[in-house]
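Q: The structure that follows is given in the form of structure tokens.
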Amino acid sequence: MNKPTALQPATLLTFLLLTLCAGQAQAHAETGVAGGLISGFLHPLLGLDHLVAMVAVGLWGAQLQKPAIWLLPITFPLLMAMGAVLGLFGVPVPGIEVGIALSALILGLMVLFSVRPPLVVAAVIVGFFAIFHGHAHGTELPDAANPLAYGVGFVVSTGLLHLAGIVLGVLTLWPAGVRAVKGLGGCITALGVYFSVASFGWL
Amino acid sequence: MRRLLWLALLIPVPASAHLVSTRFGEFYAGMLHPVTTLGHLVPWLAVGLLAGLQHSALARKVLLLFPLAVLAGTWMGSELNTAAWVGIVNQSSLLILGLLVVLARPLPPAVFSGVVMIHGLSHGLGNGATDLSGNGLLLYVLGVTTAAYLLVTLLTASSHQLVTRQSWGTVAIRAGGSWIAAVGLIYLTFTLLAAP
């Protein structure tokens with residue numbers, strides 16, 4: 001059995017030098033504009049129930065094509081802002097969590113079965129659920145590090161999720177893509193079922 | 001092992017060599033103020049998007065009108081005490097300009113010029129620096145004006161190109177307008193509710 005060899009001086013010096021290369025601690029919570037922007041931006045991304053519903057809006061818009069492809073993603077932020085205003089005024093909207101969960105379920109079903117209602121009906125469905133999402137964001141806004149930055153963050157994040165849905169919806173240009181998008185709708189529906197059951201407290 | 005030693009010396013760490021407690025000079029302070037304040041930056045973006053939706057001749061007007069209005073406003077805001085209504089007008093501009101972008105209608109020249117000048121003036125007033133005088137104030141005002149010119153020129157040119165050259169350009173601009181209007185509605189409500 002070989003005896004362990006002693007460390008060479010150069011090796012030791014290298015290790016010592018490496019210990020001097022200190023990384024940043026990043027231990028501070030963000031404040032001000034950065035804090036507001038980050039927390040607002042991450043809010044829809046970290047909440048899977050928000051995320052799938054926003055993507056579903058984009059997917060459904062892409063399935064419905066013009067003019068729904070741009071009307072739905074414009075309707076959503078404006079009605080979401082109305083919901084946020086209700087939240088700021090402290091107006092109670094019953095069943096916020098249930099509404100958000102059902103939005104994933106219903107919008108997922110729309111994508112799964114490629115439902116094609118009249119444009120106004122589609123806009124009403126999307127706008128109705130946007131109010132629940134907006135209310136949830138709005139009630140948290142006064143506690144944000146920077147309310148304006150928080151608002152910018154969550155609106156931009158929401159818009160980018162719609163855009164992600166629209167980009168995925170480009171797949172509908174191909175026959176296999178149509179099935180793939182419907183499959184995504186099925187996944188969103190399944191998650192919506194889970195969120196709905198959980199929001200009723202049955203899990 | 002010697003190579004490893006040399007490699008270890010190449011590992012970069014942040015220098016942190018900038019003095020954060022000193023300023024970059026009044027010109028750059030003026031340039032950075034609106035660019036680093038979302039309450040000014042976002043409405044200025046909306047001005048550029050709105051201009052991009054207009055006819056070329058009208059869109060070009062904004063390149064002159066907006067910076068001049070900002071120049072006048074910043075100068076007045078630095079010399080006078082800014083009234084409380086300026087803040088409300090500036091916060092409303094997010095909603096008003098955002099909705100105008102969503103509608104994407106060609107505006108009559110007088111209306112467009114009026115909208116641009118009123119918002120330029122009010123945002124200029126909001127950017128006023130009352131603690132400066134003489135050359136410092138002049139440099140600061142020129143800095144704010146330069147930022148206004150650069151931002152609006154870049155945005156107007158980009159959005160106009162998008163609208164005229166891409167079939168989806170107007171849709172993208174309108175979607176951006178809906179984001180701005182949504183933020184404006186939320187922030188204006190929050191500010192009015194928080195006001196004493």
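The values are calculated or read from the model by the stated rules, or taken from the named source; none is laboratory data. Everything quoted here is computed from the prediction, not taken from an experiment. Methodologically, a virtual Cβ is constructed for each residue, glycine included, from the backbone with ideal geometry; neighbour enumeration extends over all protein chains shown. Accessible surface is based on the protein model in full, side chains and every heavy atom, while ligands, DNA and RNA are left aside. Shrake-Rupley method; radii C 1.70, N 1.55, O 1.52, S 1.80 Å.
Q: Taking every pair of Cα atoms in segment B:116-196, average 1/r, invert it to obtain the Kirkwood radius, and report Rg/Rh to two decimals.
A: On the way: Rg = 17.1 Å, Rh = 15.6 Å.
Rg/Rh: 1.10.
Q: So how do A:Ile131, A:Ile38 rank on accessible area, 1.4 Å probe, biggest first, that is with the largest at the start?
A: My answer, sorted largest first, is A:Ile38, A:Ile131.
Q: Also, I was wondering about something else. Over all residues in A:61-72, what is the mean tally of Cβ atoms on other chains that come within 10 Å of each residue's Cβ?
A: 1
Q: Solvent-accessible area per residue for chain B at a 1.4 Å probe radius, Å²?
A: Roughly 52 Å² per residue, with all protein chains present.
Q: A:Val178 versus A:Glu97, label points 7 Å from Cα toward the beta carbon: distance in nm?
A: 4.0 nm
Q: Moving on. What value does segment A:161-203 have for Rg/Rh, both radii from Cα atoms and Rh as Kirkwood defines it?
A: Ratio of gyration radius to Kirkwood radius: 1.17.
Q: PRE reach from B:Ala157 (point 7 Å along Cα→Cβ): which of segment B:127-147 fall under 19 Å by backbone N?
A: What the label zone holds, given the 19 Å backbone N cut-off, is B:145-147.
Q: Cα convex hull of chain B: mean projected area in nm², to one decimal? Intermediate results must be reported in sequence, preceding the final value.
A: Details: hull surface 65.8 nm².
Orientation-averaged projected area of the Cα hull: 16.5 nm².
Q: Ignoring ligands, DNA and RNA, what percent of the accessible area of segment A:39-199 is carbon or sulfur (1.4 Å)? Mind dumping the intermediate values first?
A: Details: 4890 of 6330 Å².
Percent of accessible area from carbon and sulfur atoms in segment A:39-199: 77.
Q: Need one number: nm distance between label points at B:Ala172 and A:Ala190, each 7 Å from Cα along Cα→Cβ, rounded to one decimal.
A: Simple spin-label model gives 3.4 nm for this pair.
Q: Right, next: On the full set of protein chains, 1.4 Å probe, figure out the accessible area of B:Thr36 and give it in Å² to the nearest 10.
A: So the heavy atoms of B:Thr36 present about 90 Å² to solvent.
Q: In Å³ and rounded to a whole number, note down the convex hull volume per residue for the Cα atoms of segment A:39-199.
A: 93 Å³
Q: Computing the accessible area with a 1.4 Å probe over protein heavy atoms, can you report the carbon and sulfur percentage for chain B?
A: Solvent-exposed carbon and sulfur of chain B make up 70 percent of the total.
Q: Also, quick follow-up: Give me the summed buried accessible area for the A-B pair, 1.4 Å probe, to the nearest 100 Å².
A: Accessible area lost upon association: around 2700 Å².
Q: Hey, what's the per residue convex hull volume over the C-alpha atoms of the protein assembly as shown, in cubic angstrom?
A: Per-residue hull volume (Cα only) is 242 Å³.
Q: Something else now. For the charge dipole of segment B:24-194, defined by +1 on Lys and Arg C-beta atoms and -1 on Asp and Glu C-beta atoms about the Cα centroid, which residue among B:Ser92, B:Phe112, B:Val70 has the Cα displaced farthest towards the positive pole?
A: The listed residue farthest towards the positive side: B:Phe112.
Q: For the pair B:Leu63 and A:Leu160, what calculated FRET efficiency results from E = 1/(1 + (r/R0)^6), where r is the Cβ-Cβ distance and R0 = 30 Å, to the nearest 0.05? Walk me through the numbers before you get to the answer.
A: Working: r = 30 Å, r/R0 = 0.99.
Once the sixth-power term is evaluated, E becomes 0.50.
Q: List the residues of segment A:131-168 whose accessible area drops by at least 20 Å² when all protein chains are present, compared with their chain alone, using a 1.4 Å probe and counting only protein heavy atoms.
A: At a threshold of 20 Å² (probe 1.4 Å), the residues of segment A:131-168 that become less exposed are A:Leu141, A:Pro147, A:Leu148, A:Val152, A:Val155, A:Val156, A:Gly159.
Q: Hey, another quick one. Express the relative contact order of segment A:39-199 as a whole percentage, based on alpha carbon pairs under 8 Å and six or more residues apart in sequence.
A: Reported as a whole number, the value is 43 percent.
Q: How would A:Ile125, B:Ile173 rank on accessible area, largest to smallest, probe 1.4 Å?
A: A:Ile125, B:Ile173
Q: Hey, got the dipole for the protein assembly as shown? About the Cα centre, +1 on K and R Cβ, -1 on D and E Cβ, debye to the nearest 20? Mind dumping the intermediate values first?
A: Working: 13 positive and 8 negative charges, 253 e Å.
Using Cβ point charges on Lys, Arg, Asp and Glu, the protein assembly as shown gives about 1220 debye.
Q: Next up: Over chain B, what is the mean sequence separation of C-alpha contacts under 8 Å (at least six apart), divided by residue count, expressed as relative contact order in percent?
A: 37 percent
Q: Taking R0 as 25 Å, what's the FRET efficiency between A:Trp202 and A:Phe113 from their Cβ-Cβ distance, rounded to 0.05? Don't skip to the end; give the middle numbers.
A: Working: r = 25 Å, r/R0 = 1.00.
In this case the efficiency is close to 0.50.
Q: Right, another one. In sequence order, what are the phi-derived ³J(HN,Hα) couplings for segment A:37-46 according to the Karplus relation 6.51 cos²θ - 1.76 cosθ + 1.60 with θ = phi - 60°, rounded to whole Hz, with x for glycine and proline?
A: Once θ is set to phi - 60°, the couplings for segment A:37-46 become 5, 5, 5, x, 5, 7, 4, x, 6, 7 Hz.
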